[in-house]
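In what follows, a structure is listed as structure tokens, so that the remarks can point back to it.
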Amino acid sequence: MVDHKQIDADWAARGFSCELWVDPPGQRWEAFTNTIDELVIVLEGEMEFEVEGQVQHLQPCEELLIPAGAIHSARNVGSTTARWLFGYRRD
């Protein structure tokens with residue numbers, strides 16, 4: 001089980017925010033870019049992340065750093081609701 005509060009504390013110590021996102025099956029967020037680094041981690045469900053053309057299927061507890069400026073997408077490829085955390089580097 002992934003502990004949201006523990007991840008929040010860890011990310012804060014590393015200079016990142018931490019927010020919960022919930023996506024229904026089939027939800028797709030395509031071709032985004034950010035001006036700052038972003039972290040994501042899946043709590044439950046089946047999420048696919050594509051960063052600069054590289055597709056990754058994260059398992060719960062696996063963290064992914066999306067570098068500033070990288071074109072990226074997030075997709076719920078599972079048949080259930082996905083819950084995942086995202087955070088941006090704080091200045």
Discussion item. What does the charge count around HIS4 come to, taking other residues whose C-beta lies under 13 Å from its C-beta (Lys +1, Arg +1, Asp -1, Glu -1)?
Written reply: -3
Worksheet item: What accessible surface, in Å², does a 1.4 Å probe find on ILE41, ignoring ligands, DNA and RNA and rounding to the nearest 10?
Response: 10
Worksheet, complete the sentence: Taking a crude spin-label model, label points 7 Å out from Cα along the C-beta direction, the SER73 to ALA13 distance in nm is 3.6
Worksheet entry | Environment charge of ARG83, counting only residues whose C-beta is closer than 9 Å and scoring Lys/Arg +1, Asp/Glu -1 | -2
Worksheet, complete the sentence: Cβ-Cβ cut-off under 14 Å around GLY26, Lys and Arg +1, Asp and Glu -1: the net charge is -2
Discussion item. One quarter of the convex hull surface, Cα atoms only: what value does that give for the chain in nm²?
Written reply: 5.3
Discussion item. Could you work out the relative contact order of the chain? I mean the mean sequence separation of Cα pairs under 8 Å and 6+ apart, divided by the number of residues, in percent.
Written reply: 42
Practice prompt. Order CYS61, CYS18, most accessible first, counting only protein heavy atoms with a 1.4 angstrom probe.
Written response: CYS61, CYS18
Worksheet item: How do VAL40, VAL2, VAL22 stack up against each other in accessible area, from largest to smallest, with a 1.4 angstrom probe?
Response: VAL22, VAL2, VAL40
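The values are calculated or read from the model by the stated rules, or taken from the named source; none is laboratory data. A quick note: this is a predicted structure, and the numbers were derived from the prediction, not measured. Glycine also receives a Cβ, built like all others from the backbone with ideal geometry; neighbour counts cover every protein chain displayed. All accessible areas refer to the heavy atoms of the entire protein, side chains included, with ligands and DNA or RNA removed. Shrake-Rupley method; radii C 1.70, N 1.55, O 1.52, S 1.80 Å.
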